[in-house]
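Student: Just dropping this structure here.
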Amino acid sequence: MVVGLVGCGRWGRHILRDLLSLGCEVPVVARSPESIARAKEGGAAQIVDRVAALPVLDAAVVATTTSTHAGVVEELLPLRVPIFCEKPLTNDQRAAEHLASAAPDRLFVMDKWRYHPGVGELASIARERLLGVVQGLTTTRLGWGIAHDDVDPAWILAPHDLSIALEIMGELPRPRSAVGQVVDGEVVRLSAQLDGAGWWHAFEVSARSPVRERRVELHCADGVAVLAGAWDEHVSVFRSGTSEPEEQRIETPGELPLLAQLRAFVEHVLGGPSPRSSAADGARIVSILAELRHLVVAT
């Protein structure tokens, strides 16, 4: 299988590695000296400087900067192959809606947290009501700085949390309120409240926190289930009715999320089911985040 990779930056090089491990031949579009060097070192089958110079492809992966996603996807659409685009689909709501309409069945979004084994376990707990009716979800994504200079941290961090809500609850919630910190016109911290069908989602993302944290808590009528870190291979369950929290661990071994989602994409190209996040999902996440950012900037 020939899978074209557009972009070979800090994240793109990992995508190249994993595609090769899945048996794909990977020609790469790379322009900067750093990206060209990563593509060479990573084992690219061919390195070109534009989409039009790619060989015949079976599929394509977009791993360029967020602000260029829409333009790159537009260039790839005439090839009539499945496309896997890094999240977010774009930072432009109108462009996201156009892309979702133009390629609803062959454009997908790389929401890697939907493939995290711990998130999958939380989804099972919610679906099977192992802790009773789900009442709410909290997600936290904190750290210092962000390695993207074309969009602000909210565009990079918050899509993860919205996709987690989609995977666990099976729907994307509606924005209710948001507060945040704006520095030089950029939303560097965002706290939001959203409503689902009978449940709520509260999330906080920040690129101005001296403490790094990745945490998901599923709040149910009979207890709480927690994924306490991105690298954790277990979910902690705490049932109500005890004077002190008593942890029950559920082990959740599995593939790293990036490899798992790329495997799903490759299998789809071979005739398997679609990856989990459709273009419509991606466009809805862009719409929600645009609305939340507006609430913050407007205040």
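The values are calculated or read from the model by the stated rules, or taken from the named source; none is laboratory data. As the structure is a computational prediction, the values presented were derived from the model and not from experiment. Cβ atoms come from the backbone with ideal geometry, glycine included; neighbour counts cover every protein chain shown. In case anyone asks, the SASA skips ligands and DNA or RNA and just uses the protein heavy atoms, side chains included. Shrake-Rupley method; radii C 1.70, N 1.55, O 1.52, S 1.80 Å.
Student: With the condition kept exactly as written, say whether any residue in the stretch 45-62 is touching a Gly at 6+ places or on another chain (Cβ under 7 Å), basic (K, R) and on the phi < 0 side of the Ramachandran plot.
Tutor: No, there is no match, as no residue in the stretch 45-62 is touching a Gly at 6+ places or on another chain (Cβ under 7 Å), basic (K, R) and on the phi < 0 side of the Ramachandran plot.
Student: Next question. Just wondering, is there one or more residues in the stretch 151-159 that are in a strand (DSSP E or B), β-branched (V, I, T) and either over 21 Å from E213 (Cβ atoms) or more than 14 Å from the chain's Cα centre (by Cα) (or both)?
Tutor: The answer is no, given that none of the residues of the stretch 151-159 is in a strand (DSSP E or B), β-branched (V, I, T) and either over 21 Å from E213 (Cβ atoms) or more than 14 Å from the chain's Cα centre (by Cα) (or both).
Student: Going by the conditions given, is R174 modelled with pLDDT of 95 or more and surrounded by 24 or more Cβ atoms within 10 Å (Cβ to Cβ)?
Tutor: no
Student: Now, a different point. Which of the residues spanning the stretch 1-51 are acidic (D, E) and outside any strand (DSSP E or B)?
Tutor: Scanning the stretch 1-51 gives D18, E34, E41, D49.
Student: Could you list, in sequence order, the residues of the stretch 43-76 that are under 19 Å from Q93 (Cβ atoms) and either charged (D, E, K, R) or surrounded by fewer than 17 Cβ atoms within 10 Å (Cβ to Cβ) (or both)?
Tutor: Scanning the stretch 43-76 gives T65, S67, T68, G71, E74.
Student: Give the residues of the stretch 183-201 that are among the hydrophobic types (A, V, I, L, M, F, W, C), part of a strand (DSSP E or B) and modelled with pLDDT of 95 or more, sorted by residue number.
Tutor: Correct list: V187, V188, L190, A192, L194, W200.
Student: If you don't mind, another one. So, in the stretch 203-232, exactly how many residues are closer than 26 Å to V187 by Cβ and in contact with an Asp or Glu (Cβ under 7 Å, 6 or more places away or on another chain)?
Tutor: The number of residues fulfilling the criteria is 2.
Student: Separate question: Out of all the residues in the stretch 155-164, is one or more surrounded by fewer than 18 Cβ atoms within 10 Å (Cβ to Cβ), at negative phi and at pLDDT 95 or above?
Tutor: Within the stretch 155-164, not a single residue is surrounded by fewer than 18 Cβ atoms within 10 Å (Cβ to Cβ), at negative phi and at pLDDT 95 or above.
Student: Do you know which of the residues in the stretch 88-124 that are under 14 Å from the mean Cα position of the chain (by Cα) and among the charged types (D, E, K, R) is most open to solvent (accessible area, probe 1.4 Å)?
Tutor: K112
Student: At least 1 residues that are surrounded by fewer than 16 Cβ atoms within 10 Å (Cβ to Cβ) in each: list the strands (runs of 3 or more DSSP E) lying fully within the stretch 213-299 that qualify.
Tutor: 247-251
Student: Determine, yes or no, whether R38 is open to solvent by less than 60 Å² (accessible area, probe 1.4 Å), among the charged types (D, E, K, R) and in contact (Cβ under 8 Å) with a residue 60 or more places away in the chain.
Tutor: no
Student: While we're looking at this one, here's another question. I need the full set of residues from the stretch 207-233 which are farther than 15 Å from A165 by Cα and of a type outside the set (D, E, K, R), in order please.
Tutor: Correct list: A207, S209, P210, V211, A221, G223, V224, A228, G229, A230, W231.
Student: Test D150 against the criterion of being within 24 Å of K112 (Cβ to Cβ) and at pLDDT below 95, and give yes or no.
Tutor: yes
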